[in-house]
1. Please give the net charge around residue 33, taking every other residue with its beta carbon less than 13 angstrom from that of residue 33, where Lys and Arg add +1 and Asp and Glu add -1.
2. How far, in degrees from 0 to 90, does helix 2-35 lean away from the longest principal axis of the Cα atoms of the chain, to the nearest 10?
3. If you roll a 1.4 Å probe over the chain with all protein chains in place, what percent of the accessible area is carbon or sulfur?
4. Quote to one decimal, in nm, the extra length available between residue 74 and residue 49 on full extension: 0.36 nm per residue of separation minus the C-alpha distance between them.
5. Can you pull the semi-axes for the range 1-90, root of five times each eigenvalue of the Cα gyration tensor, sorted largest first, whole Å?
6. Taking only protein heavy atoms into account and a 1.4 Å probe, give the accessible area per residue of the chain in Å².
7. How would you order 11-17, 171-177 from highest to lowest mean count of nearby Cβ atoms within 10 Å?
8. Could you work out the relative contact order of the chain? I mean the mean sequence separation of Cα pairs under 8 Å and 6+ apart, divided by the number of residues, in percent.
Amino acid sequence: MRYLGAVLGAAGLIGEVEAGSARVSALVGAVKSYSYMDEAPLQEVDVNEGLESTLAVLAYKLDGVEITREYDQRLPRITAYGGELNQAWTQILDNAVDAARSGRGPEERGSVKLRTTCERDGVLVEVSDDGPGIPEALRGRIFEPFFTTKGVGEGTGLGLDLSYRVVVGRHGGDIRVESRPGETRFQVRLPLAVEAPGDAAGGAAEGAVEAR
Ligand SMILES: Nc1ncnc2c1ncn2[C@@H]1O[C@H](COP(=O)(O)OP(=O)(O)OP(=O)(O)O)[C@@H](O)[C@H]1O
Ligand SMILES: [Mg+2]
């Protein structure tokens, strides 16, 4: 009897270990694809996939927020710094989720919408939320480093500064924001390929790979 108990206990434990390691390997897979681990920084990037792996990494934050996706399935791959772009998506999504939650009780669900479309010479990524909006007087300052309206310990004001440097500085793209109470939309445009060496460390070496 004791033997049986030990066997069953061990079987249960093994089951748990298996489930646990399946969860861990799913997470490791998401983080690998999120960070482009083991890959060159300049990549052929599937932007829809980058948004998905960013959502997977941010999953712990998404409770109570409805996420809708409208991905263009024919979106061309772009030549870009994939890991850096995912950091920009992280920051923009993080803000959208905060906004969608703000001012709402635990029962009310805010929503965040992701949309991608193909444009003539690049791709457009839109992240919209139904939060309170950004007052017009502050709109010109949100990309400044350390500008934050969040409380101490909640925000450092570096998220959009980082996003701007990645999108505009590194990729020659563009970020715009449209906002009114109940609807804020960040629009990120990226060219099909990085044209000039980026401005951050290592940019010169990488620029040699693809300077068109
Ligand atoms: N989707 C949004 N809706 C409303 N306000 C926004 C939104 N995105 C950004 N903001 C405003 O822009 C400010 C700057 O954003 P940023 O991401 O740079 O910093 P943060 O979110 O405050 O802090 P951190 O990102 O460093 O944690 C925010 O504090 C907020 O006031
Ligand atoms: Mg932020």
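1. Working: positive: 32; negative: 38, 39, 46, 49, 52.
Taking every Cβ under 13 Å from that of residue 33, the sum is -4.
2. That helix lies at roughly 10 degrees to the long axis.
3. Values: 6730 of 12100 Å².
Here carbon and sulfur together make up 56 percent of the probe-accessible area.
4. Numbers: separation 25, 0.36 × 25 = 9.00 nm, distance 1.24 nm.
Full extension from residue 74 to residue 49 adds 7.8 nm.
5. Values: eigenvalues 291, 52, 22 Å².
Working from the Cα gyration tensor, I get semi-axes of 38, 16, 10 Å.
6. On the way: 12100 Å² over 212 residues.
Using a 1.4 Å probe on heavy atoms only, each residue of the chain averages 57 Å².
7. 171-177, 11-17
8. Numbers: 358 pairs, mean separation 36.9, N = 212.
Relative CO of the chain lands at 17 percent.
The values are calculated or read from the model by the stated rules, or taken from the named source; none is laboratory data. As the structure is a prediction and not an experimental result, all values here were calculated from the model. With ideal geometry, Cβ positions are generated from the backbone for all residues, glycine too; neighbour counts draw on all protein chains shown. In case anyone asks, the SASA skips ligands and DNA or RNA and just uses the protein heavy atoms, side chains included. Shrake-Rupley method; radii C 1.70, N 1.55, O 1.52, S 1.80 Å.
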